[in-house]
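Let me begin by presenting the structure, written as structure tokens, before commenting on it.
FYI, it's all coordinate maths here, none of it is from the lab. These figures come from a predicted structure and were not determined experimentally. Here the Cβ positions follow ideal geometry from the backbone for every residue, glycine too, while neighbour counts run over all protein chains shown.
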């Protein structure tokens, strides 16, 4: 029974699974969407954590900087994830300390020049390219800013002080860290993009390795005739995946298992015909063809998005498969006792 309840609620912790079942059969109003679960509820301090965000209620009589800080310190100290919470706060502080986040060269550019560039793109039927281009610039600027920052929590001596000499880490905890390293679930995602992972009704997994610029439609037209490159994968045992480390072409999307993208020794690309790249209930529909050239209509459901370098590594290996060269040599069979 416990395993059945955990499977239904998609939880690995039986206690949390029971709480979900309790709410499911309660008379309270229920949301149609999955909501985050509060953690570290402190009723005395009127404080709780939701998705690594601390929420507290303070009366007007207690509204002082010292009391607010005291509540935050208390909540962070009791949290099992206090290091990552402080890491996030340290990063936010570094961004705040940069008085000018935007590069001075961009600040010196006048509006007319930017709009001139936008018009050039629109004249070539690239209506959304300007927005995507500006977002990529901001993302790169954020990366440069962070690279130039010195986060106090990553101080070498401090990390030595809080680090244990011996570790007893479970496979699940290692998998959770690998999930963070290789990507995340994007709740606001609405269209197909490079690095997106889907699952089909056949329990097979699909990773989009089509370049992002080819995933973007221009006035409803596709630069690849709606034929997008994917690689197909399958679940493997978590222990087996962890043994591969970074030597295998695998991805982590949950703490129970990982996905292998290899077919034998290779990662092989496939093409799917997708007439509409917009998500409908987190799903997209595609056409595939069997060996008799019969088309089959299928749906796949969005699960996860890999970070660019993790997806690019798999894509590079996959696209190298069609250009491999085979050679023949005579092999001598050694007969024992001869």
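Some observations on this one:
- In nm, spacing of pseudo-spin labels at residue 263 and residue 185 (7 Å Cα→C-beta vector): 2.9 nm
- Overall dimensions of the stretch 125-169 by Cα: Rg and Dmax, Å: 19.4, 59
- Among (1) 0.95; (2) 1.02; (3) 1.04, the entry that matches Rg/Rh (Cα atoms, Kirkwood Rh) as calculated here: (2)
- Descending by average beta-carbon neighbour count within 10 Å, the peptides 188-199, 277-288 line up as 188-199, 277-288, the highest first.
- Inter-label distance, residue 256 to residue 236: 2.0 nm, where each label sits 7 Å from its Cα along the C-beta direction.
- Zone residues, the stretch 55-69, relative to residue 86, backbone N less than 20 Å from point 7 Å out along Cα-to-Cβ: 55, 66-69
- Here the relative contact order of the stretch 1-150, from alpha carbon pairs under 8 Å that lie six or more residues apart, stands at 12 percent.
- Between residue 77 and residue 123, the contour length at 0.36 nm per residue exceeds the alpha carbon distance by 11.0 nm.
- Nearest-0.05 FRET efficiency for residue 169 and residue 66, computed from C-beta distance (R0 56 Å): 0.90
- Per-residue ellipticity at 222 nm computed for the chain from its helices equals -11500 deg cm²/dmol, with DSSP H segments shorter than 4 residues left out and the rest contributing -39,500 (n - 2.57).
- Here the stretch 171-323 yields Rg over Rh of 0.96, to two decimals, using C-alpha coordinates and the Kirkwood radius.
- Additional length obtainable on full extension of the chain from residue 150 to residue 53, 0.36 nm per residue less Cα span: 32.6 nm
- For 59, 136, order by how many other beta-carbon atoms lie within 10 Å, fewest first: 59, 136
- For the pair residue 319 and residue 37, the difference between a 0.36 nm per residue extended length and the Cα-Cα distance amounts to 97.4 nm.
- As a proxy for reagent exposure, 261, 289 were ordered by neighbouring Cβ count within 10 angstrom, fewest first; the result is 289, 261.
- As a size descriptor, the averaged projected area of the C-alpha convex hull of the stretch 96-162 was calculated at 6.4 nm².
- Rg/Rh (Cα only; Kirkwood hydrodynamic radius) as it applies to the stretch 201-265: 1.10
- Cα centroid of the stretch 221-277 to Cα centroid of the stretch 156-214, whole Å: 13 Å
- Each Cα pair under 8 Å and six or more residues apart adds its separation to the average, and for the chain the resulting relative contact order is 12 percent.
- From most to least packed by mean Cβ count within 10 Å, the peptides 304-310, 244-250 give 304-310, 244-250.
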